[in-house]
Amino acid sequence: MRTIGTWIMRLAEGLCGVALLAMFCTFLLQIYSRYVMVQPFGWTLELCLTLWIWIVFFGCSFIVRDRDHVTFDILYLSVPPGPRKVFALISAAAIAVGLAASLVPTWDWIDFLKIRRSPTLRIPLRTVFSVYALFLIVVSLRYAWGFIHVLRHGAPTEAHEIHVGEEG
């Protein structure tokens, strides 16, 4: 299972790296068209914004680990293992349930956006924002798995990190 998770993470890192490269090249083209050709391309800004949305939500879904987030864990680390496990279970359940509960209304809005297209690229806005639905699904599943991990193995002792299928 850990090998599959590592493989997915590496693939996601590669895809996000390619998207960052595409965004950087588009940004350079935007600068060139604006200041050298003195005739800016309108689609470059839109492509950069669309790529950025995908990089952020796709990257947060598959690359960003729980320990990469800023946490305020003074209280968590100061209590014994019993309350610590309760804290970890509550936080994992709250994140998983909250994100999962928001999926249906969010998808209704994203699906509604199929009637609208981006101004210059003419991409359906449902396609642009569908990555957010993927984010909701993947992160809620990761924290549901983290909840199960805490039930089986107890709460982490070093920092407030719920293990959600990551290496190390």
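Readers should treat all values here as calculations from the given coordinates under stated rules, not as data from a laboratory. No experiment lies behind these values; they were computed from the predicted model shown. Neighbour counts run over all protein chains shown; Cβ positions are idealised from the backbone, glycine included.
Would you kindly state how much longer the chain becomes between residue 11 and residue 70 on full extension, computed as 0.36 nm times their sequence separation minus their alpha carbon distance, in nm to one decimal?
Net length gain for the segment: 18.8 nm.
Sequence gap at least 6, Cα distance under 8 Å: using those rules, report the relative contact order of region 1-89 to the nearest whole percent.
30
Rank these for me by crowding, 157, 26, 106, 120, going from fewest to most other beta carbons within 10 Å.
Details: 157 9, 26 19, 106 16, 120 13.
Lowest count first: 157, 120, 106, 26.
Once R0 is set to 41 Å, what does the formula 1/(1 + (r/R0)^6) return for the Cβ-Cβ distance between residue 4 and residue 27, expressed as a FRET efficiency to the nearest 0.05?
The computed FRET efficiency comes out at 0.75.
Taking H placed 1.01 Å from N in the peptide plane, check which residues at least 5 places from residue 117 or on another chain put their amide H under 5 Å from its amide H.
So residue 117 has HN proximity to 125.
Can you tell me what the convex hull of the Cα atoms of the chain projects to on average, as an area in nm²?
So the Cα hull casts an average projection of 11.9 nm².
Describe numerically, in nm with one decimal, the distance between label points set 7 Å from Cα along Cα→Cβ at residue 20 and at residue 111.
3.5
Can you give me the angle between helix 103-112 and the longest principal axis of the chain, using Cα atoms only, in degrees from 0 to 90, rounded to the nearest 10?
10
Kindly express, to the nearest 10 degrees and within the range 0 to 90, the angle between helix 2-35's C-alpha long axis and the longest C-alpha principal axis of the chain.
30
At residue 151 and residue 121, where each label point lies 7 Å from the Cα along Cα→Cβ, what is the point-to-point distance in nanometres?
4.0
Sort out the exposed loop trypsin sites (Lys or Arg not before Pro) in the chain (DSSP loop, at most 16 other Cβ within 10 Å) and tell me the longest stretch that has none. Walk me through the numbers before you get to the answer.
Values: sites that count: 65, 116, 122.
The segment 1-64 is the longest one with no such site.
Obtain the nm distance between the two label points defined at residue 60 and residue 93 by a simple spin-label model: each point lies 7 Å from its Cα along the Cα-to-C-beta direction.
2.4
Let me check against my output: what whole-number percent is the relative contact order of the chain, with C-alpha pairs under 8 Å and at least 6 apart?
Relative contact order for the chain comes out at 29 percent.
Enter the angle in degrees (range 0 to 90, nearest 10) between the Cα long axis of helix 42-62 and the first principal axis of the Cα atoms of the chain, meaning the one along which they spread out most.
10
For region 1-64, what does the equivalent ellipsoid look like in terms of its semi-axes, each the square root of 5 times an eigenvalue of the Cα gyration tensor, given largest first in whole Å?
32, 10, 5
For the residues 16, 25, what sequence is obtained by ranking on other C-beta atoms within 10 Å, fewest first?
Starting with the residue having the fewest Cβ neighbours, the order is 25, 16.
Of the chymotrypsin sites (Phe, Trp or Tyr not before Pro) in region 1-87, which ones lie in a loop per DSSP and count no more than 15 other C-beta atoms within 10 Å?
72
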